[in-house]
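The values are calculated or read from the model by the stated rules, or taken from the named source; none is laboratory data. Just so it is clear, the structure is predicted and the values come from calculations on it, not from any experiment. Using ideal geometry, Cβ is built from the backbone for each residue, glycine included, and neighbour counts are taken over all protein chains shown.
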Amino acid sequence: MFLAIDAGNSNVVFALYDEENKSWKNHFRIETHSSKFPAQLHKKVPLYFLEHGISPADIRRIGFSSVVPEINEQILQFCENYFGTLPYLISPASFEKLPIRSLRPNEIGTDLMCNVMAAYSLYSKPLIIVDFGTALTFTVVDACGEILGVNIVPGLKTAIKSLFTNTSKLPDVALKLPKSALGKNTIHAIQAGVFYGYTSLVKGMLETISLETNMKFTVIATGGLAEILTPLEKVFDEIDRNLTLEGLRLITQANA
């Protein structure tokens, strides 16, 4: 089996790829910035493998993507000790062997490159990949696999947290799309403002990119919150929760 480790700003995701059945399974995550992260890493991973009857020896290869450099060494050392092998850590040097290109490989996040690698391998056509994570990102790719640009805005959860932490009276609210865009109480008002506001933001961004480039794009959504904005279902050609993981696997494989 192949183990993918995707270290993001909110969570470190672990996922197993069954190479025989060609499918992803056994996802679990650890909160990235928790003070208990090192303890959780050494406790939760072995416990998960034990509970699911998976031996560390079953893992043939590990791919590791990270946008949180400060935890990289902890994860690398843990994997070497527990699995008996070091993961392949994706870096700008990894992109040299890929069919995709970035004008600034040292600046673009490895998670975004994983998204592009997976999507372009599937479609080989102009793409916009909308990733709903801690940040909401739009990665624009042409028919040759060249990344034309990236847009970054605060993610849904980040926007709600910002209101909660930077105001004295506004509460933290659940990530739930309300039925109406007209807020009837404080919680409803925040949910309506953020969710319907972001719905228009995504539509407007996609329209602006298409007009500026004069290109027609296949739009793929990914990320943990990709399915929450149900009004956008017809805007996306596909919603793929495993897009980053699949790209991680493909980049690791290309550099094996």
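Annotations for the structure displayed:
- Looking across 226, 192, one residue alone is touching a Gly at 6+ places or on another chain (Cβ under 6 Å) and either over 19 Å from residue 100 (Cβ atoms) or of a type outside the set (Gly, Ala, Ser) (or both). It is 192.
- Considered as a group, the residues in segment 16-26 that are in a strand (DSSP E or B) and at pLDDT below 90 include one that is nearest to residue 54 (Cα to Cα), and that residue is 26.
- Test: residue in segment 206-218 that is hydrophobic (A, V, I, L, M, F, W, C) and more than 26 Å from residue 104 (Cα to Cα): no
- Restricting segment 217-256 to residues that are of a type in the set (Gly, Ala, Ser) and modelled with pLDDT of 95 or more leaves a set whose member that is nearest to residue 158 (Cα to Cα) is 221.
- Restricting attention to segment 45-96, the residues that are surrounded by 17 or more Cβ atoms within 10 Å (Cβ to Cβ) and assigned to a helix (DSSP H, G or I) total 9.
- In segment 69-85, the residues that are in the same structural domain as residue 38 (by TED's automatic domain parsing) and at positive phi never reach a residue that is basic (Lys, Arg) and outside any helix (DSSP H, G or I) with C-beta atoms less than 6 angstrom apart, at least six apart or across chains.
- Test: residue in segment 10-29 that is surrounded by fewer than 20 Cβ atoms within 10 Å (Cβ to Cβ), hydroxyl-bearing (Ser, Thr, Tyr) and closer than 26 Å to residue 135 by Cβ: yes
- For segment 201-223, the tally of residues that are touching a helix residue (DSSP H, G or I) at 6+ places or on another chain (Cβ under 9 Å) and not β-branched (Val, Ile, Thr) stands at 6.
- Criterion (touching a helix residue (DSSP H, G or I) at 6+ places or on another chain (Cβ under 7 Å), under 23 Å from residue 111 (Cα atoms) and among the acidic types (Asp, Glu)) met by exactly one of 238, 246: 246
- Taking each residue of segment 180-196 that is closer than 15 Å to residue 159 by Cα and looking for partners that are part of a helix (DSSP H, G or I) and not polar (S, T, N, Q) with beta-carbon atoms closer than 7 Å, six or more apart or interchain, yields 190/160; 190/163; 194/156; 194/159; 194/160.
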